[in-house]
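The values are calculated or read from the model by the stated rules, or taken from the named source; none is laboratory data. Keep in mind it's a predicted model, so treat the numbers as computed, not measured. Here Cβ is always computed from backbone atoms with ideal geometry, including for glycine, and neighbour counts include all displayed protein chains.
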Amino acid sequence: MSLARFTTLQVGGPAASLETATTEPELLALAEGLDPDEEWLVLGGGSNVLVSDEGFDGTVVRVATRGIVQLPAPAGSVRLRVQAGHPWDELVAHTVAEGFSGIEALSGIPGSTGAAPIQNIGAYGQEVGASIESLDFYDVEAGRVRRMPVAELGLGYRTSVFKRGLRGVVLSVTFVLAASSSSASSSGLSAPVAYGQLATALGVAVGERMPLQQVRDTVLRLRASKGMVLDPADPDSVSAGSFFTNPIVTERAARALPSSAPRWQVEPDAPDLVIPLDPAALAQEGADAGTGVYSRGPAPAEYHVKLSAAWLIEQAGVRRGFSLPGSTAAISSKHTLAIVNRAGTSGRASDVAELARFVQGRVLAEFGVQLHPEPVYVGF
Ligand SMILES: Cc1cc2nc3c(=O)[nH]c(=O)nc-3n(C[C@H](O)[C@H](O)[C@H](O)COP(=O)(O)OP(=O)(O)OC[C@H]3O[C@@H](n4cnc5c(N)ncnc54)[C@H](O)[C@@H]3O)c2cc1C
């Protein structure tokens, strides 16, 4: 069966076999059947994968479990255990309606709850990791279920221990959110608004709290204007969201960029591949003398400037709506960071991958910065 219908990019060939779990015991049984030495894939909403046209020569476990259970919690907070397959935005809508704050700025992100910690989803000043207490994980290598506290998840900017190689199945996620103290308010107040664009749209200063429902509605409106909510009527939403992560480079590498390049100081993190264009900087950076390249590895203390991938792509001459000749893929007409399938069921994953390589090549040639795809490539 073609995987295209299970991915938001609507591309991808068949899987050797596909099994769907609709209850936690079913999901656990399928997880227990996975062989650490064979090829398999866990699929949630398919909103962060690029499946090749040839498909996937292994077992796909599709997670379609649902359910939210409220657990005992100290006054002022609420604990929710949520099944991995529960649609993420339904969870957010539920918390907003109940007056629980902490994930309202993550409104409108497609996909499943179990996938949220995989890349530590984030948007508009919130990251999911800040609201996770623990998760239940079937570790395929170890052959057992582990309750992993958030500190063991290795969460960072769009990364986690799962992205770095821990393989298995997230069964459920437990969240701790703030419970609104105001019963008079229909929806309670949000966490402090932490993102300039959202604050501006709400007409408040960064750091202020606003009614939860208003924050959710505003985030959904902002996202829709960028094609970033799934909408059958919006061809720009046939995507995997942002196709590239914002690169994290050394301060010194960032200084070689035009002063107009947006940049943010971030905590030291594993740097992305960078080829400094200035040979003196190259030598100082200790890059490989032969290739002029250094790659992700132990991070010197000063590796901590995040750049805007969208800015780099635009300044490298790739504009919204851009498409290669004959391609079924294009840059979204609303957002430079999204690659969209313009041809529905005739769309090709190879075209998406080719456009991604083209964009990477343009940015590398122009700025010496290697962009990394955010979606997981499957069957390539
Ligand atoms: C229009 C659009 C907008 C988006 N906006 C954002 C955004 O603002 N911020 C953001 O961070 N992301 C965004 N994304 C990306 C995506 O929605 C998230 O990464 C989401 O969490 C993926 O969930 P999913 O269930 O679709 O995962 P899938 O695409 O099904 O899987 C993604 C990865 O997670 C793994 N996985 C999934 N479920 C499990 C599980 N239960 N156990 C173990 N591994 C699992 C898969 O094996 C795969 O490696 C956007 C995507 C789209 C299409």
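Assorted remarks:
- Selected residue (criterion: farthest from residue 344 (Cα to Cα)) from residues of segment 14-26 that are without any contact (Cβ under 8 Å) to a residue 60 or more places away in the chain and surrounded by fewer than 17 Cβ atoms within 10 Å (Cβ to Cβ): 25
- Applying the condition of being β-branched (Val, Ile, Thr) and surrounded by 22 or more Cβ atoms within 10 Å (Cβ to Cβ) to segment 39-60 and asking which residue is nearest to the chain's Cα centre (by Cα) yields 49.
- Among the residues of segment 3-22, the ones that are under 15 Å from residue 112 (Cβ atoms) and more than 11 Å from the ligand (Cβ to nearest atom) come to 2 in all.
- Unique residue being at pLDDT 95 or above, of a type outside the set (D, E, K, R) and closer than 19 Å to residue 143 by Cβ when the list is 15, 64, 73, 29: 29
- Test for residue 75: is it among the small types (Gly, Ala, Ser) and more than 28 Å from residue 19 (Cα to Cα): yes
- Residue 327 fulfils the conditions (1) within 30 Å of residue 14 (Cβ to Cβ); (2) more than 15 Å from the ligand (Cβ to nearest atom); (3) in a helix (DSSP H, G or I); (4) at pLDDT 95 or above except for a single criterion, (3).
- Test: residue in segment 23-32 that is touching an Asp or Glu at 6+ places or on another chain (Cβ under 6 Å) and either in the same structural domain as residue 192 (by TED's automatic domain parsing) or within 8 Å of the ligand (Cβ to nearest atom) (or both): no
- Candidate set from segment 44-100 (those that are of a type in the set (Ser, Thr, Tyr) and part of a strand (DSSP E or B)); member that is nearest to the ligand (Cβ to nearest atom): 59
- Of all the residues in segment 141-172, those that are touching a residue at least 24 places away in the same chain (Cβ under 8 Å) and more than 20 Å from residue 29 (Cα to Cα) number 9.
- Of all residues in segment 27-50, those that are more than 22 Å from residue 7 (Cβ to Cβ) have Cβ atoms under 9 Å from Cβ atoms of residues that are at pLDDT 95 or above and near the ligand (Cβ under 8 Å from one of its atoms), 6 or more apart or on another chain, in 28/169; 28/171.
- Residue check, residue 293 modelled with pLDDT under 95, of a type in the set (Val, Ile, Thr) and crowded, with 21+ Cβ neighbours inside 10 Å: no
- Checking the stated criteria, residue 76 turns out not to satisfy the condition of being surrounded by fewer than 21 Cβ atoms within 10 Å (Cβ to Cβ), under 20 Å from the mean Cα position of the chain (by Cα) and not aromatic (Phe, Trp, Tyr).
- Selection status of residue 209, away from the ligand (no atom under 16 Å from the Cβ), at pLDDT below 95 and basic (Lys, Arg): no
- Applying the set (1) modelled with pLDDT of 95 or more; (2) over 20 Å from residue 121 (Cβ atoms) to residue 188 leaves exactly one unmet item: (1).
- Residue that is assigned to a loop (DSSP other than H, G, I, E, B) and surrounded by 15 or more Cβ atoms within 10 Å (Cβ to Cβ), where the choices are 142, 199, 191: 191
- Pairs linking a residue in segment 116-131 that is charged (D, E, K, R) to a residue that is at pLDDT 95 or above and near the ligand (Cβ under 6 Å from one of its atoms), with Cβ atoms under 8 Å and 6 or more positions apart or on different chains, are 127/121.
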